[in-house]
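Visitor: Quick one: the structure is below, and I'll ask about it shortly.
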Amino acid sequence: MGEIKENKYLAGEIEGKFFIKFIGNATMRNSKTIDELLEKLLKEEAKDVIFDLEECNYMDSTMLGLIAKTAIKIKKNWKRTLYVLNTSNMIKSSFKSTGVNKLLEFIESESIKEESIEELEMKDFENKESKTKHILEAHKTLMGLTDENKKVFKNVVTLLEKELE
């Protein structure tokens, strides 16, 4: 077994491309950090965005939905594709089973050196409601991708919507 890595993200711009390196587990717990960064980034001028997933061990459905939402916005706002670098087979299969893979361009190349980008400060949700809305949006995005996802995430979405009533 490989060593267990601390869950963290590093990000920065290198030669006009914006890189985010995922380390450890990318889950709902730490998705607020990425969501906030991407919202800010999407207000800037168009550039290639590359997620380096070489050291990402696991990704939950909230993060898959967030990546799908980001890829859709990049295509709509910037007419570009979201790139993912050095994705493990396990995460590739999560992308494939949810249809997120159709929104991404996969590349294999040298990973980004940690010293060339900065570690992000982890952000938390302001309150339970903002967290619930965030999870709901991610899962609704996934539901919009395939019929299978509609079935798989229907109950989650229903529960989250009830929670917001």
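Visitor: For ASP124 and GLU110 in the same chain, what is the full-extension length gain: residue separation times 0.36 nm, less their Cα-Cα distance, in nm?
Guide: On the way: separation 14, 0.36 × 14 = 5.04 nm, distance 3.13 nm.
Gain on stretching ASP124 to GLU110: 1.9 nm.
Visitor: Next question, about the same structure. Compute the helix-to-body angle for 128-143: its Cα long axis versus the longest principal axis of the chain, expressed 0 to 90° and rounded to tens.
Guide: 80 degrees
Visitor: Follow-up. In units of 2.2 N^0.38 Å, what is the alpha-carbon radius of gyration of the chain?
Guide: Relative to the 2.2 N^0.38 Å estimate, the chain comes out at 1.01.
Visitor: Let me ask something additional. Stretched out fully, how many nm does the piece from GLU44 to THR81 gain, at 0.36 nm a residue minus the Cα gap? Spell out each step's value before the answer.
Guide: Working: separation 37, 0.36 × 37 = 13.32 nm, distance 1.58 nm.
Here the answer is 11.7 nm.
Visitor: Another one. Place +1 on the Cβ of every Lys and Arg and -1 on the Cβ of every Asp and Glu in the range 35-165, take the dipole about the Cα centre, and give the residue among LEU66, GLY144, TRP78 whose Cα lies farthest towards its positive end.
Guide: Of the listed residues, the answer is GLY144.
Visitor: Efficiency by 1/(1 + (r/R0)^6): what FRET value for SER88 and THR27, r their Cβ-Cβ distance, R0 = 25 Å, to the nearest 0.05?
Guide: 0.95
Visitor: Give the order of LYS113, LYS133 when sorted by the count of other beta carbons within 10 angstrom, beginning with the fewest.
Guide: Fewest-to-most Cβ neighbours within 10 Å comes out as LYS113, LYS133.
Visitor: For the chain, find the longest principal axis of its Cα atoms and tell me its angle to the long axis of helix 31-41, 0 to 90°, nearest 10.
Guide: 70 degrees
Visitor: Considering only C-alpha atoms, what is the centroid distance from the range 110-154 to the range 37-79, in Å?
Guide: Rounded to whole Å, the Cα centres lie 9 Å apart.
Visitor: Which entries of LYS21/LYS162; LYS73/LYS162; LYS40/LYS151 show an alpha-carbon separation above 29 angstrom in the structure shown? Don't skip to the answer; put the middle values down first.
Guide: On the way: LYS21/LYS162 35 Å; LYS73/LYS162 27 Å; LYS40/LYS151 32 Å.
As for pairs spanning more than 29 Å Cα to Cα, those are LYS21/LYS162; LYS40/LYS151.
Bear in mind these aren't lab numbers, they're just calculated from the coordinates by the rules spelled out. It should be emphasised that the depicted structure is a prediction, and the values quoted were computed from it without experimental measurement. Ideal geometry is used to build each Cβ from the backbone, glycine not excepted, and the neighbour counts take in all protein chains shown.
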